[in-house]
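A short write-up of the structure that comes next.
The values are calculated or read from the model by the stated rules, or taken from the named source; none is laboratory data. Quick caveat: nothing in here was measured; it's all calculated off a predicted structure. Ideal geometry is used to build each Cβ from the backbone, glycine not excepted, and the neighbour counts take in all protein chains shown.
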Amino acid sequence: MSDIDARRIQLTFREGEPLPDPLQLAVGDEVTLVLHGSPAHSWLPLTGADGPVVLVEEHTLDGTLRALVRATSPGVAELRSIASYAGARFGPGSGMWRLRVVVSEPTPRERG
């Protein structure tokens, strides 16, 4: 699969929204993840980015996590992050976000 054939997908998530359905990718596809937070409710770095997906880039600004992951080989992975509340010793608990990713070999494009 060439870079031209690879899909580029963006997924966003805000606390309180339902968790996303499993994501089907082909080797070479890239996904930009945006987990919206705030300075008082910050998302921690992603875990689970290994095996069939690799973490290319990740940063957090004002509690919002932005990450780019790339599908590199067939298989299944689960990406996760936890949101923590700053200074909330007895306040609301942490939230968890997770995404199951299923990566397959790319299929040849039909020729016209």
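Looking only at residues in the range 79-112 that are touching a Pro at 6+ places or on another chain (Cβ under 9 Å) and more than 19 Å from residue 7 (Cα to Cα), the one that is modelled with the lowest pLDDT is 86.
When the range 68-86 is examined, which residues are found to be under 25 Å from residue 26 (Cα atoms) and assigned to a strand (DSSP E or B)?
Step one: of the range 68-86, the residues under 25 Å from residue 26 (Cα atoms) are 68-81.
Correct list: 68, 69, 70, 71, 75, 76, 77, 78, 79, 80, 81.
Applying the criterion of being part of a strand (DSSP E or B) and touching a residue at least 40 places away in the same chain (Cβ under 8 Å) to the residues of the range 6-24, the residue that is surrounded by the most Cβ atoms within 10 Å (Cβ to Cβ) is 13. Among the residues of the range 33-44, not one is surrounded by fewer than 14 Cβ atoms within 10 Å (Cβ to Cβ) and either within 15 Å of residue 98 (Cα to Cα) or at pLDDT 95 or above (or both). Of the residues that make up the range 58-67, is at least one aliphatic (A, V, I, L, M) and either part of a loop (DSSP other than H, G, I, E, B) or touching a Ser or Thr at 6+ places or on another chain (Cβ under 9 Å) (or both)? Scanning the range 58-67, I find at least one residue that is aliphatic (A, V, I, L, M) and either part of a loop (DSSP other than H, G, I, E, B) or touching a Ser or Thr at 6+ places or on another chain (Cβ under 9 Å) (or both), so the answer is yes. Going through the range 25-57 one residue at a time, which ones are outside any strand (DSSP E or B) and more than 17 Å from residue 6 (Cβ to Cβ)? Of everything in the range 25-57, those that are outside any strand (DSSP E or B) and more than 17 Å from residue 6 (Cβ to Cβ) turn out to be 37, 39, 40, 44, 45, 46, 48, 49, 50, 51.
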